[in-house]
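The values are calculated or read from the model by the stated rules, or taken from the named source; none is laboratory data. Being a predicted model, the structure only gives us computed values, none of them experimental. Ideal geometry is used to build each Cβ from the backbone, glycine not excepted, and the neighbour counts take in all protein chains shown. Side chains are part of the model used for accessible areas, which takes the heavy atoms of the whole protein and leaves out ligands, DNA and RNA. Shrake-Rupley method; radii C 1.70, N 1.55, O 1.52, S 1.80 Å.
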Amino acid sequence: MHETFRNIWAQMDQLNKKVLDSLAEFIKKHGLGCSSDVWRQRASEIPTAALMLGVNVPDHAMTFRSLCNLLQDSVTPFVASVHAKECAAVKLLIQKVLEQLMGRGVSVDEEQEDDTALLQRTQCTISALCQWYKTVTKKCTQVSPQRKENLTNSDLPQSLPVVVIFKDFEAFNSQVLQDFILICSRYTQELPFIFIFGIATSPSAIQHRLPHSVSSLLCIEVFHSLSCTQHLASVFDKLILKSQFPFKLSSRVIQVLVSVFLYHDFSVQNFVKGLQFSMLEHFNSQPLSVLCCQKQEALLSAKTLSKQNVERIRHLPSFMRYVETQEPQEQVQLLTNDEHVKVTLLFHNRCSGKTGLQRAQKSPCYNSLYLLALATGCGSLSTRLLTLTITNLHPLQKSEIRYLLEKESRRTKRTNPFEVLRSEVMEFIDSLVREYLTPAELQPLNEVCYYSSSGVLRQRLNATPRTSIQAALSHPFYYLQNESLKTDTGTISSAAPDLCIVFKLHLECGRLINLYDWLEAYVTVMSAAEDQHTDSEECGKFDSLKHARFIQAVSEMEFLGFVKSTKQKTDHVARLTWGGC
């Protein structure tokens, strides 16, 4: 499992490999001065790469992390990446860039005083960066006189570029970007700056954020990464539909993962995390998952199965269906003889070679056929598969056939050449699917390799924080494991935390809650904790400590989103949620 888990994550690092390599070549071309089209740049122009990443924002962090590692390993050690939320002003932007650049390769003396470090922080300017860059590069590019005589011009050490990555270009303040670019353009002769703009929308965002006087200082080249749907298709091709990964997902689990991808964040990284969670849950909850491994390992595991695991195999629904299809003598052997069960497992493993399904992977609509077969079986696929076949035709043929289909559906059914052809195509596809795309649920021992607990996965991925908070405040015993917090239904424990008491009291109120009445009810509950008699004069009175605790609990309720202040009545708060636990 560990190998499979590691291979899945390794595939994620390869998704943007092509565009990252193109960026590295771009920086080498412009930064190291070995390009044939350097004439495109004027003296004041800064080479800029506009990296189009798409709307799958959660995946951007991983892309930039891979980009930084690639550049530092193969191009230049001088790489800085900045976020818009950290750079509200030009001074902060310059300081953040200098901290990342000068903190890399410059060792600060441990005996330095704190006031010296503070002085360095106040001198965060591009001119200070120039002085530091000259010092560092001078040490890196020193060549002995004897070696220098034997080197050609192309072999001489060249200046390393200084790369600044703007991770979320659209979120930066326009004025901050303009000022920073104008400042850097004055130092292009001393500092070989290269900018990388991370853009989620379109290249026109540069024109919207920067005026022509500033954008003319940039030599911009656009790079497009794969879209999130193409990334997802790559994950399906390399992980889910490959026979080298024995772990598989059922149709409902795939639907849960795809729906989270489509309706939440378009994040391929989160999709893969869901796939990894499915794997962990499968291996944790299914004892027979020891057989979910590569073929040779599965054969060895089948030979050494314990009696308890053999009994678990007999209780699998798919194995019980398999036994029912066998001869009576074979049924007796499978239900009573453990060794015969192991031999049967070995036989099925040896016969599970390349199938027509794996040979059909070259089909352009193979992935869709596979998912449809998982989801619906074979019998109801004919019409949908015909639609898939039509989508792979030429656009003219596609429109013509769809027009004929719609036209024929309105008429009374009668036999014509097109109807005959359509019936033949449907029968051929139906027979093909029935032969090669058997639903996983019908395969013996499919529970070993297929994870089908879609409900558990949906509960983990589609978290409901408000429901969890309400459950914790209504039943604190299950979270704190304190015996004194156990109560009957409808009662309030005086030993519960203040927030729990205030929450349960607010469930008894209507849309508007009187703060004084709420406070009195809270003090009454607290008086029970102090063993005060309900008829005594002291009961119901509150001191400054109880008052302060109540105010703090109400503030926490407002922070959690259960109540809010209202202008209708100054001494009331409005209730925001309905239905408690």
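Worth a mention:
- Here THR415 clears all of (1) open to solvent by less than 50 Å² (accessible area, probe 1.4 Å); (2) over 30 Å from ASN284 (Cα atoms); (3) out of contact with any strand residue (DSSP E or B) (no Cβ under 7 Å at 6 or more places or on another chain); (4) among the polar types (S, T, N, Q) except the condition numbered (1).
- Residue within the range 254-273 that is of a type in the set (A, V, I, L, M, F, W, C), open to solvent by less than 80 Å² (accessible area, probe 1.4 Å) and over 31 Å from the mean Cα position of the chain (by Cα) present: no
- Test result for MET52, open to solvent by 10 Å² or more (accessible area, probe 1.4 Å) and modelled with pLDDT of 90 or more: yes
- Among the residues listed as LYS238, LYS167, LYS248, the single one being closer than 30 Å to LEU280 by Cα and at pLDDT 85 or above: LYS248
- In the range 215-237 there is at least one residue matching the filter, namely being closer than 30 Å to THR135 by Cβ, open to solvent by less than 20 Å² (accessible area, probe 1.4 Å) and out of contact with any Gly (no Cβ under 8 Å at 6 or more places or on another chain).
- Positions within the range 321-356 being under 18 Å from THR438 (Cα atoms) and either at pLDDT 85 or above or loosely packed, with under 12 Cβ neighbours inside 10 Å (or both), in sequence order: ARG321, TYR322, THR325, CYS351, GLY353, LYS354, GLY356
Here's the yes/no breakdown for (1) under 30 Å from ILE313 (Cβ atoms); (2) open to solvent by less than 50 Å² (accessible area, probe 1.4 Å); (3) assigned to a helix (DSSP H, G or I):
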| residue | (1), (2), (3) |
| --- | --- |
| THR467 | no, no, yes |
| TYR478 | no, no, yes |
| VAL502 | no, yes, yes |
| LEU505 | no, yes, yes |
| ILE513 | no, yes, no |
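- Of residues in the range 193-205 being outside any strand (DSSP E or B) and in contact with a strand residue (DSSP E or B) (Cβ under 6 Å, 6 or more places away or on another chain), the one least open to solvent (accessible area, probe 1.4 Å): ALA205
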